[in-house]
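Peer 1: Dropping the structure in here first, questions after.
The values are calculated or read from the model by the stated rules, or taken from the named source; none is laboratory data. As the structure is a computational prediction, the values presented were derived from the model and not from experiment. Every residue, glycine as well, gets a Cβ built from its backbone with ideal geometry; the counts of neighbours run over all protein chains shown. All accessible areas refer to the heavy atoms of the entire protein, side chains included, with ligands and DNA or RNA removed. Shrake-Rupley method; radii C 1.70, N 1.55, O 1.52, S 1.80 Å.
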Amino acid sequence: MRFRTTALPALVAGASSLLLLTGCGAADMTKQASPFANAQGAKTVTLSVQSWVGAQANVAVAQYLLEHKLGYRVDTVQIDEVPAWDALSQGRIDALMEDWGHPEEEQRYVADKKTITRGGDLGVTGHIGWFVPTYFAKEHPDVTDWKNLNKYASQLRTAESGGKGQLMDGSPSYVTNDKALVKNLNLDYQVVFAGSEAAQITQMRQFAKEKKPFLTYWYTPQWLFKKVPMTEVKLPAYKEGCDADPEKVACAYPHTPLQKYLNTDFAKNGGKAAALLKKFKWTTEDQNEVSLMIADQKLSPEEAAKKWVDSHESTWKAWLS
Amino acid sequence: MATITASAPLSLPGVLKHRAVHKLLLIAVAAAVLVPLANARWASGSWPGALTVDVSEPLAKTSDWIIDNRDSHPLFLYFFGYISNAVVLSVRAVYLVLLAAGWAGVTAFAGLVAWRVAGVRLALGTAAAFLACGLLGMWVPTMQTLAVMVVAVLTAVVVGALLGLAAGLSDRMDRALRPVLDTMQVLPAFAYLLPVALVFGMGVPAAVLATVVYAAPPMARLTSLGLRGADKEVLEAVESLGSTARQRLLTARIPLARKELLLGVNQTIMMALSMAVIASIIGAGGLGDRVYQGLSTVDVGAALAASIPIVLLAVILDRLTGAAGERLGATEPDQRRLRGRAGWGVAAAATVVVAVAVRLLNGTDWPSGWVVAIAEPVNTAKDWMVDHLYTGVPVVGGTAEWAGHFTTWVLDPLRDGLQGLPWWSLLLIVAALAWVIGTWRTALTAVLALAAIGVLGVWDKSLDTLSQVLAAVAVTVVLGFAIGIAAARSRRLERQLRPVLDVLQTMPQFVYLIPVVALFAVGRAPAVAAAVVYALPAVVRITTQGLRQVDPSAMESARSLGATTRQQLFQVQLPLARPALLLAVNQGVVLVLAVVVIGGLVGGGALGYDAVFGLAQGDLATGLVAGTAMVCLGLMLDRVTQPTERRTKKGA
């Protein structure tokens, strides 16, 4: 019974010593790194990974260089884009390697609060669009223009789309105007949300295996094109500002030069790691090369990064200088 | 995780049937008066727009306020900030200790604790499990998860025990706490991940606190149950010795309740582990994050490699706390040679020796060569299964066709039917069901919960979700009863089922996401399939147990009267096991509802999708409304399926 009578004081002592440890002043919520960072005296960098393989490729190469050329330890955390901005502003993660454009967050964190600093271009240009499998486009070449989509609605019907054709959308974290587009372009389609990129990819491969037609929201650069060749469907051309009103959108998605962002503290005091991440800039081909090794040849991200690093010395040497 | 805190209620005799008729008559009278009124004012099939409240604006404002003031407002600087710092520091401290002990130290320590608590067999199993985590290449993530779990479980146990202490000692506190604990248990974890992450920031602090919210209720319930259940005579005896209230509590009531307390700790650990993956969505790191990363590259093998350590940890901790509970209950003194302090001393010394020795030999990190790659064979197996089952199987058709038919013939009519019913008629149906099965209080709760859904403006979406839940529960109950009956009749089958059920119950739900889509295509059908897989084990277990506990003499007399096995089953066993079967249905409902969000990730749409959307886009309005609607659905379904006696029973 002695344990029970001593438990309470011990608890109080524990709690108060924690309070002492945390200091009696204000607790700064912007300076709370991950508890796993800098363990055992190692210098660590925490990078966020988004759910697509392109983002994994960026992180894999950055991680490889940080670990093997600069002697850092790298922790990676998978978070969706918007929450990643929040985590970045609080220093829970140090850098976001690939951002597809979040004007609201940029205004709040970069311009107003200044807790996040721009890290420059990644060098890759992203583009969102509607795609059909190439085997289907070859059979019916006119399907690649939105004006003819209604003709094919009956072929693209599924149990989930009711009487209409199915336009498959993916993860709720991605930017999409598809519901508005279907309505404003008078298309006889139902947007069906796969709910996650994993589910969407699995479904596309399943369709492709049976050579069934499908219509999907998808984006480049993406490794899946090598596995399931797809052709983009032309939507009304994109003009600056045509997607300003989410209700009235009736045009294609823009081409976006992808951006990097760093936590401001880290950008200032991150030393060589921050300098490397700021200079990190490669091409769509480079990214696809690494992505393919990860997703298609099933190499681990580290092995894929090593292969790329070994054969592209001139590219990354410039980032280290 | 099934948390069965109720004891078996008695079956309803014929008298109650009369009361049921009375209740229905009363409802019919009330309806005759109210429905024409409601219909005249708000004549619409769906929930009337005039009766909704738009909460998105204030919620968006709240969320903006939090983000703008999080770094400067005293509430955060002097309150939430401290909590968050304390969590970070404690997790870090545990993590550093684990890293310093190295793989050998941790394995030796775990094995020796298991030896002290439960004997040699479990000790070997425990050590093997930890080595397996290393062999799968998951050592560091396992340690991160363990660090988070230690802090989360300790906090949940302390919080739960304090709440339970309050509820156990004061009837007023008990009454006040019960609805709170009820809500905490039906609340889907996704509903509060976002608010918690908003206040504490992404990452470990939010993950730990969300886990505490999720895992504390069983501890609180069982603590209170234990305190209330203490033997009256013992208490009187202690009182007659002139002890103070405090002494009575510390020397009699708490020690008498230790079995319940330990069961509470066990349940808390299980609940906390089941949060490990969900919490990775807000950046908890560790094993959950590996599962999540594996899934995003559609790599089931990698996700499974990270899930196995979670399952192993769950099984070990379950058996360990179970063994500790049995030892507490044992009346025989410990007969082993190294008992008490001496045994613990030997264990501690051995741990240190092993840790230091291996550290000197080859460091603390898991040796990089000692990794078995299981990802590839698993993926090959999955591909084979999908290739051969998806479509065109002779006679029965492929899984994709089943899914299509299930959607068109079951889910669509069910959804359209529910959405087509006038809103007031649904309220009436729920009121009638809940009142017949429970009391007027449960009926009122159920109706209010349903009405709240309408007021929040997500009536149609919630009915879509409801249709999926009902379909999943129906499938689960049919399968669960069938398997449960079979297991109750054959000890061998039950033994063979046990490990399968263990694995299904502890396997993170995210792992079935891809196989389910690969087999059933994107949509509501895979959502239902995922829910069935998750809820089935609990239903099977409760059914088997319920049938087994049927009075043997009743069975005996039936047999002596010459009843066939069929007659025995339908006329004796099943009627007598009715309370257990009702509980199985109730647990089925609660568990199915817990995976609605997973459904959202595979195309289930409706509330599940909204909850995921809210989290992914940091949209408090969408996420919180969807979460609240799920809670309301849960409360409603729980009340409609909950037998009366469970609620009136004291303490449970």
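Peer 1: Using modelled backbone amide H atoms (1.01 Å from N, in-plane), which distant-in-sequence or interchain residues come within less than 5 Å of A:VAL74's amide H?
Peer 2: Hits under the 5 Å cutoff: A:VAL45.
Peer 1: Let me ask another. So how tilted is helix A:53-68 from the main axis of chain A? Cα-based, degrees 0 to 90, rounded to 10.
Peer 2: So the helix axis and the longest Cα principal axis differ by about 30 degrees.
Peer 1: Determine the distance separating the Cα centre of the stretch A:226-279 from the Cα centre of the stretch B:217-254; give it in Å without decimals.
Peer 2: 63 Å
Peer 1: Right, something else. What do you get for the angle between helix A:197-209 and the principal long axis of chain A? Use alpha-carbon atoms, 0 to 90 degrees, nearest ten.
Peer 2: Once rounded, the angle reads 40 degrees.
Peer 1: Quote the accessible area belonging to A:HIS255 in square angstrom, nearest 10, computed with a 1.4 Å probe and with ligands, DNA and RNA left uncounted.
Peer 2: 130 Å²
Peer 1: Highest first, please rank the peptides B:240-246, B:132-138, B:176-182 by the mean number of other Cβ atoms sitting within 10 Å of their residues. Each step should come with its number before you reach the end.
Peer 2: On the way: B:240-246: 9.4, B:132-138: 21.6, B:176-182: 15.9.
The densest-packed peptide leads the list: B:132-138, B:176-182, B:240-246.
Peer 1: Would you mind giving the average projected area, over all directions, of the Cα convex hull of the protein assembly as shown in nm² with one decimal?
Peer 2: About 44.5 nm², averaged over all directions.
Peer 1: Then there's this: Can you give me the Cα centroid spacing of the stretch B:534-554 and the stretch A:74-111 in angstrom?
Peer 2: 50 Å
Peer 1: Whole-Hz ³J(HN,Hα) for each residue in the stretch A:69-80, computed from phi via Karplus 6.51 cos²θ - 1.76 cosθ + 1.60 with θ = phi - 60°, x for glycine and proline: what do you get?
Peer 2: Rounded to whole hertz, the list is 9, 10, x, 8, 10, 10, 9, 10, 10, 8, 9, 5.
Peer 1: Another question about this same structure. Ignoring any ligand, DNA or RNA, what whole percent of the accessible area of chain B comes from carbon and sulfur when the probe is 1.4 angstrom?
Peer 2: Taking all protein chains in place, chain B shows 67 percent carbon and sulfur surface.
Peer 1: Also, quick follow-up: Averaged over its residues, how many other protein chain Cβ atoms are within 10 Å of peptide A:100-108's Cβ atoms?
Peer 2: The per-residue average across the peptide is 1.
Peer 1: May I pose another question? Does the stretch B:538-586 come out rounded, prolate or oblate, given a ≥ b ≥ c as the square roots of the eigenvalues of its C-alpha gyration tensor, rounded meaning a/c under 1.5 and, failing that, prolate meaning a/b above b/c?
Peer 2: Working: a/c = 2.75, a/b = 2.31, b/c = 1.19.
Here the stretch B:538-586 falls in the prolate category.
Peer 1: Something else: Work out the mean other chain Cβ neighbour count within 10 Å for the residues of A:109-118 and drop it here as an integer. Provide the component values of the computation, followed by the final result.
Peer 2: Details: counts 1, 0, 0, 1, 4, 0, 1, 0, 0, 0.
Mean number of neighbouring Cβ atoms from other chains: 1.
Peer 1: Return the long-range amide H neighbours of A:GLN259 (sequence gap of 5 or more, or a different chain), with a cut-off of under 5 Å between placed amide H atoms.
Peer 2: Distant-sequence amide H within range of A:GLN259: A:ASP99, A:GLY101, A:LEU122.
Peer 1: OK, next. Residue by residue through B:289-297, how many Cβ atoms from other chains fall within 10 Å of the Cβ on average?
Peer 2: Rounded to a whole number, the mean comes out at 6.
Peer 1: Could I ask something else about it? Report the accessible surface area buried between chains A and B, summing both sides, using a 1.4 Å probe on protein heavy atoms only, in Å² rounded to the nearest 100.
Peer 2: Buried: approximately 5900 Å² between B and A.
Peer 1: Another question, then. Going by a ≥ b ≥ c, the root eigenvalues of the Cα gyration tensor, does the stretch B:404-554 fall in the rounded group (a/c under 1.5), the prolate group (a/b larger than b/c) or the oblate group?
Peer 2: oblate
Peer 1: Considering only DSSP beta bridges where both residues belong to the protein assembly as shown, give the percentage that are antiparallel (nearest 5).
Peer 2: About 55 percent, rounded to the nearest 5.
Peer 1: Test of understanding: given chain A, find the longest segment containing no GluC sites (Glu not before Pro) that are in a DSSP loop and have at most 14 other Cβ atoms within 10 Å.
Peer 2: Here the longest run is A:1-209.
Peer 1: Ok, one more. Using protein chains only (no ligands, no nucleic acids) and a 1.4 Å probe, work out which residues of the stretch A:157-190 have their accessible area cut by at least 50 Å² relative to the chain alone.
Peer 2: Buried on complex formation: A:ALA159, A:GLU160, A:PRO172.
Peer 1: Convert each backbone phi in the stretch B:59-71 into a coupling constant with the Karplus relation 6.51 cos²θ - 1.76 cosθ + 1.60 (shift: θ = phi - 60°), then list the ³J(HN,Hα) values in order as whole Hz, x for Gly and Pro.
Peer 2: 5, 4, 5, 4, 4, 4, 4, 4, 5, 6, 9, 4, 8
Peer 1: Sticking with this one: Could you run the Debye sum over the Cα atoms of the stretch A:63-130, one equal point scatterer each and no solvent, and tell me log10 of I(q)/I(0) at q = 0.11, 0.25, 0.28 Å⁻¹, two decimals?
Peer 2: The computed values of log10 I(q)/I(0) come out as -0.33, -1.22, -1.31.
Peer 1: Sticking with this structure for a sec: Which pairs, out of A:LYS114/A:LYS279; A:LYS239/B:LYS461; A:LYS212/B:LYS382; A:LYS114/A:LYS307; A:LYS227/A:LYS278; A:LYS164/A:LYS234, put more than 28 Å between their alpha-carbon atoms?
Peer 2: A:LYS239/B:LYS461; A:LYS114/A:LYS307; A:LYS227/A:LYS278
Peer 1: Which of the three applies to chain B, rounded, prolate or oblate, going by the alpha-carbon gyration tensor with a ≥ b ≥ c and a/c under 1.5 meaning rounded?
Peer 2: rounded
Peer 1: Which order do the peptides B:66-73, B:159-166 come out in when sorted by mean C-beta neighbours inside 10 angstrom, highest first?
Peer 2: Highest to lowest by the protection proxy: B:159-166, B:66-73.
Peer 1: Let me ask something else. Taking 0.36 nm per residue of sequence separation and subtracting the Cα-Cα distance, how much length would be gained by fully extending the chain between B:ALA38 and B:SER56, in nm to one decimal?
Peer 2: 3.8 nm
Peer 1: What number comes out for accessible area per residue over the stretch A:38-116 if the probe is 1.4 Å? Units Å², please.
Peer 2: I get 28 Å² per residue for the stretch A:38-116.
Peer 1: Now a separate question. If you take every DSSP beta bridge fully contained in chain A, what fraction is antiparallel? Give it as a percent rounded to 5. Intermediate values should be presented prior to the final figure.
Peer 2: On the way: 20 of 36 bridges.
Taking every DSSP beta bridge with both residues in chain A, the antiparallel ones total about 55 percent.
Peer 1: Roll a 1.4 Å probe over the protein chains and send me the accessible area per residue for the stretch B:473-518 in Å².
Peer 2: Per-residue value: 46 Å².
Peer 1: May I pose another question? Please tell me the relative contact order of chain B in percent, rounded to the nearest whole number, where contacts are Cα pairs under 8 Å and at least six residues apart.
Peer 2: The value is 21 percent.
Peer 1: Going by average Cβ density within 10 Å per residue, which order do the peptides B:605-612, B:462-469 take, highest to lowest? Present the calculation step by step, with values, prior to reporting the outcome.
Peer 2: Details: B:605-612: 27.6, B:462-469: 26.0.
The peptides rank, most packed first, as B:605-612, B:462-469.
Peer 1: Tell me which trypsin sites (Lys or Arg not before Pro) from the stretch A:78-135 have a DSSP coil assignment and no more than 13 other beta carbons within 10 Å of their own.
Peer 2: A:LYS114
Peer 1: In whole Hz, what ³J(HN,Hα) sequence does the stretch A:143-159 give by Karplus (6.51, -1.76, 1.60; θ = phi - 60°), x for Gly and Pro?
Peer 2: For the stretch A:143-159, the Karplus curve yields 5, 7, 10, 4, 4, 9, 4, 4, 4, 9, 3, 5, 6, 9, 6, 9, 4 Hz.
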